[in-house]
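Every number here is computed from the coordinates shown, using simple stated rules; none is lab data. Since we're looking at a predicted model, the values are computed, not measured. Positions of Cβ are generated from backbone atoms using ideal geometry, with glycine treated the same way; all protein chains shown enter the neighbour counts.
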Amino acid sequence: MYNHYQEFLTNAIDNIKTAGLYKGERIIVSPQQAEITLSSGQKVLNFCMNNYLGLSNNKELIEAAKEALNTHGYGMSSVRFICGTQDLHKTLEKKIAEFFGTEDTILYAAAFDANGGVFEPLLDTEDAIISDSLNHASIIDGVRLCKAERYRYENADMEDLENQLKAAQKNRFRLIVSDGVFSMDGNVASLDKMLLLAEKYDAMIMLDESHSAGVVGKTGRGVTELYNAKGKVEIITGTLGKAFGGAVGGFTTGKKEIIEFLRQRSRPYLFSNSLPPMIVNAGIKTFDMVSKTTTHQDKLHKNTNYFMEKMSSLGFDLKPTKSAICAVMLYDAKLAQTFAAKLLEEGIYVIGFSFPVVANGQARIRVQLSAAHQTEHIDKCVKAFAKVGKDLGVLK
Ligand SMILES: *Cc1c(COP(=O)(O)O)cnc(C)c1O
């Protein structure tokens, strides 16, 4: 049997390679930080990590993780409701709710699980999910697991959202679902308009703040802070794997009845292991840090503005951003690949994205800023962009 299947897979893999869609993995031999070392020995500046607040290799978080290993052990060997809940888990859930101004929080092994386990228990056949066309894969999968009727609106298109809401008036409950920040353009969900539409058409809102929490808003509370809408969104999901330390873990935070019900019925919570204490304690430390001061958030905002200013004055075509994601538009897939490869030779690690990850003819290089970057790092990056831009005829 396997012979046939092996041949089938080998062909499928070859097709991926021929189409230029094969994803290789570059091996890093240092911790995740601004300057990393590749297995080739080359040292490069990292501009493609989700380490927005620069905490992935933060000494205080490492100490908090070590401390919990000593006081609370290594693994939980249980799901939460059997014997997998420590005092630390309850503390972290409370701190996350305080940070977002919500009522309660439920932890998951990943945001992928938070999104995978949120729709199916909450909504049924007579309900409606109205979802942005560019929502994250985990939202799409979560929606697939749910029996509710599905409506889809074009990315951040509020007119289309209104049309879908009108169509969904026949349903019992309506939930609008959107990423807070969309990862390819760095644009933000128009929460102000979404709230008005939700009011008008009697709908609830769920925001996935994975790319926006820690980043968007003056103090990094996310899209609800940007639009002055703390506590007004029923459900927020997020990750500990990006701005908040970058290790692993996800959460859903929001209305207390929703969270309570998820603890009873959400399958990735009920049937998957509890987060290990070292991750949870480092999470507590993270939320303490980003709640008490805005040092990291301020530095990220400063870095992003600085990069955008320098790049636009050079004449690069940039998507307007409200996050730490900066899309440098090149429009041509081959050019984007070559550009990224040449930047790596200059010691700048970024990724070129093209179809099908972005629309056809919308190839770009995505640059992600971090509080871990120093001004010299950004200067070096901009200088490399200028050089390669001229070499490849992108800049005059
Ligand atoms: C990264 C991301 C996730 C997945 O987060 P994990 O915790 O790594 O599973 C989910 N949703 C969005 C919008 C993301 O950007």
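Near the amide H of Tyr331, within less than 5 Å, lie the amide hydrogens of Ala363, Arg364, all on another chain or at least 5 residues away, with H placed in the peptide plane. The lysines within cross-link reach of Lys17, meaning a Cα-to-Cα straight distance under 25 Å and a gap of 8 or more places when in the same chain, are Lys334, Lys342.
Local charge for Thr253 was computed over the other residues whose Cβ lies under 15 Å away, with Lys and Arg +1 and Asp and Glu -1, and equals -2. Set the Förster distance to 25 Å, then compute FRET efficiency between Glu63 and Arg26 from the Cβ-Cβ distance, nearest 0.05. Once the sixth-power term is evaluated, E becomes 0.30. If you filter the stretch 1-42 for chymotrypsin sites (Phe, Trp or Tyr not before Pro), then keep DSSP loop positions with at most 14 other Cβ within 10 Å, what is left? Taking the stretch 1-42 and a limit of 14 other Cβ atoms within 10 Å, the loop chymotrypsin sites (Phe, Trp or Tyr not before Pro) found are Tyr22. Descending by average beta-carbon neighbour count within 10 Å, the peptides 125-136, 256-267, 204-215 line up as 204-215, 125-136, 256-267, the highest first. Label separation (Ser313 vs Thr91): 4.6 nm, computed from points 7 Å beyond Cα along the C-beta direction. Checking the Cα-Cα distances for Lys94/Lys319; Lys43/Lys242; Lys299/Lys383; Lys147/Lys200; Lys200/Lys256; Lys232/Lys319 against a 27 Å cut-off, the pairs over it are Lys94/Lys319; Lys232/Lys319. If you run the Gaussian network model on the chain, springs between alpha carbon atoms under 10 Å, then out of Thr85, Thr253, Thr304 the most flexible one is Thr85. Per the Debye calculation on the chain with a single equal scatterer at every Cα and no solvent contribution, log₁₀ I(q)/I(0) for q = 0.08, 0.15 Å⁻¹ amounts to -0.45, -1.42.
In this structure, Gln264 and Ala341 have a Cβ-Cβ separation that, at R0 = 41 Å, corresponds to a calculated FRET efficiency of about 0.20. Over the residues of the chain, the helix contribution to mean residue ellipticity at 222 nm works out to -13000 deg cm²/dmol, using -39500 (n - 2.57) for each DSSP H run of at least 4.
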